[in-house]
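Data first, discussion second: the structure below is written as structure tokens.
The values are calculated or read from the model by the stated rules, or taken from the named source; none is laboratory data. Remember, predicted model here, so these are calculated numbers, not experimental data. Please note: Cβ atoms are built from the backbone with ideal geometry, for glycine as well, and neighbour counts cover all protein chains shown. Calculation scope for accessible area: heavy atoms of the full protein, side chains included, ligands and nucleic acids excluded. Shrake-Rupley method; radii C 1.70, N 1.55, O 1.52, S 1.80 Å.
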Amino acid sequence: MNQEENDTKEAKDVIRKFIKEYFTSDLTEEAVDKLRNFDFFDLWRKKDTNFGYPGIQYQPLCKFDGDRTKLANAIYYLVLTELPGKSKNEKLKFDEIVCGQGKGDTDSCLYSGDTLNTFATLFGYRSLTEDIFNDSKLYAEIKQFSEKYLTIGNFMPLPKKTINRKSINSYRGNNRWRDYYDVFLFEFDKCLRKENGYDKTLDSLIQENSFYFTDKMTIQEFIRKNFLEPYFNFDKNEIMPLFTEDFTKRLNYSSSERDPSSYKKFAHKYIKKSIAIIEYRTWRMTNILKFKLGLAPCISDDEVNLYLQDLQKKLNKD
């Protein structure tokens, strides 16, 4: 077998063995459907180095990277087949996706997993186990989101070449955008189009990762490749803000300026819309996975468009 065949076999074996161990099932369409609701935190809870990564047993909960696990990487590799390798016309190798932290994050890796709609930015890690807002209704919604945000539909790999130890992933989460994905896409689009006021650091990181972000890449291509259609208004040909609140007003849980009423209203919308997007991307990814595993035919463009039409109606309700 050649490299691609070996890598494909390895990724399929990861999925098959995972389903056998966690779902006590053979590799079936129904078993793959169970992946839609699999909480990757379970890998951390079980200190699973086989489907997680080496060193997971020593990490506190707040350091766990569900998007960098071997299970997530196997799904990326099989589903996102357009991910380029190091040079033109070279396919990505399975071991070129970061698995874990430390030794797993080497210069030989081209991609690392990223979580789109994050938890800690808005709620803080204490909210995983405590009702820090003394609001049982909000806490129930936060608990629901905590069980969704580390599912496969909230993950995607990003090219990881760095400048001054900053990657696109780390830069996105550590600046004034506060890790909100619709804001990141808006800024990313400005860089691609060289619009006035585009972010020079983000633009430099895009250029550094030119093996992925070619000169011809458009925001529409990036959206399509990564199942990000809910963030895009195709009629207006632009990124669609998910929330009416300006991103500088999306205060986090620890902000001294946080107004409890405004915060809770935004938190409710953030949870509801994020879950809707996660479920769409999970649906797309697991359906492609079933096709790649030879378990089901590929879903049609009409099915995708019908799902998106219904989803956009939900997202437009503010």
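Of all residues in segment 94-107, at least one satisfies being open to solvent by 10 Å² or more (accessible area, probe 1.4 Å), more than 19 Å from Leu228 (Cβ to Cβ), in a helix (DSSP H, G or I) and of a type in the set (Lys, Arg). Take the conditions (1) open to solvent by 10 Å² or more (accessible area, probe 1.4 Å); (2) in contact with an Asp or Glu (Cβ under 8 Å, 6 or more places away or on another chain); (3) in contact (Cβ under 8 Å) with a residue 40 or more places away in the chain; Ala120 misses just one of them, which is (2).
Evaluation of Val79 against the conditions (1) within 19 Å of Phe40 (Cα to Cα); (2) in contact (Cβ under 8 Å) with a residue 24 or more places away in the chain; (3) among the β-branched types (Val, Ile, Thr); (4) open to solvent by 20 Å² or more (accessible area, probe 1.4 Å) shows that the sole unmet condition is (4).
For segment 84-104, indicate whether the set of residues that are under 14 Å from the mean Cα position of the chain (by Cα) and either within 19 Å of Tyr280 (Cα to Cα) or of a type in the set (Lys, Arg) (or both) is non-empty. Checking segment 84-104: not a single residue is under 14 Å from the mean Cα position of the chain (by Cα) and either within 19 Å of Tyr280 (Cα to Cα) or of a type in the set (Lys, Arg) (or both).
Scanning segment 17-31 for residues being within 24 Å of the chain's Cα centre (by Cα) and not aliphatic (A, V, I, L, M) gives a total of 6. Checked against the criterion of being modelled with pLDDT of 95 or more and crowded, with 20+ Cβ neighbours inside 10 Å, the candidates Leu205, Leu158 yield just one match: Leu205. Check whether at least one residue in segment 269-283 is at pLDDT below 95, loosely packed, with under 14 Cβ neighbours inside 10 Å, farther than 30 Å from Ala31 by Cα and out of contact with any helix residue (DSSP H, G or I) (no Cβ under 6 Å at 6 or more places or on another chain), and report yes or no. For segment 269-283, residues at pLDDT below 95, loosely packed, with under 14 Cβ neighbours inside 10 Å, farther than 30 Å from Ala31 by Cα and out of contact with any helix residue (DSSP H, G or I) (no Cβ under 6 Å at 6 or more places or on another chain): absent.
Just one of Gly104, Gly113 is modelled with pLDDT of 90 or more and over 21 Å from Ala267 (Cα atoms); which is it?
After applying the criteria, what remains is Gly113.
Applying a threshold of 6 Å to beta carbon distances and a minimum spacing of six or more residues, or different chains, the list of pairs starting in segment 290-318 at a residue that is touching a residue at least 12 places away in the same chain (Cβ under 8 Å) and ending at one that is loosely packed, with under 15 Cβ neighbours inside 10 Å and not in a helix (DSSP H, G or I) reads Asp318/Thr244. Report yes if some residue within segment 237-246 is at pLDDT below 95, crowded, with 19+ Cβ neighbours inside 10 Å and assigned to a loop (DSSP other than H, G, I, E, B); otherwise report no. Yes; the residues of segment 237-246 include at least one that is at pLDDT below 95, crowded, with 19+ Cβ neighbours inside 10 Å and assigned to a loop (DSSP other than H, G, I, E, B). Residues in segment 167-215 that are in a helix (DSSP H, G or I) and of a type in the set (D, E, K, R): Arg172, Asp182, Glu187, Asp189, Lys190, Arg193, Lys200, Asp203, Glu208.
Taken over segment 109-134, residues that are under 22 Å from the mean Cα position of the chain (by Cα) and part of a loop (DSSP other than H, G, I, E, B) amount to 7. Taken residue by residue, segment 251-261 has no member that is part of a loop (DSSP other than H, G, I, E, B), modelled with pLDDT of 90 or more, open to solvent by 30 Å² or more (accessible area, probe 1.4 Å) and among the polar types (S, T, N, Q).
Residues of segment 280-318 that are touching a Phe, Trp or Tyr at 6+ places or on another chain (Cβ under 6 Å) and either acidic (Asp, Glu) or outside any loop (DSSP other than H, G, I, E, B) (or both): Arg281, Arg284, Leu311.
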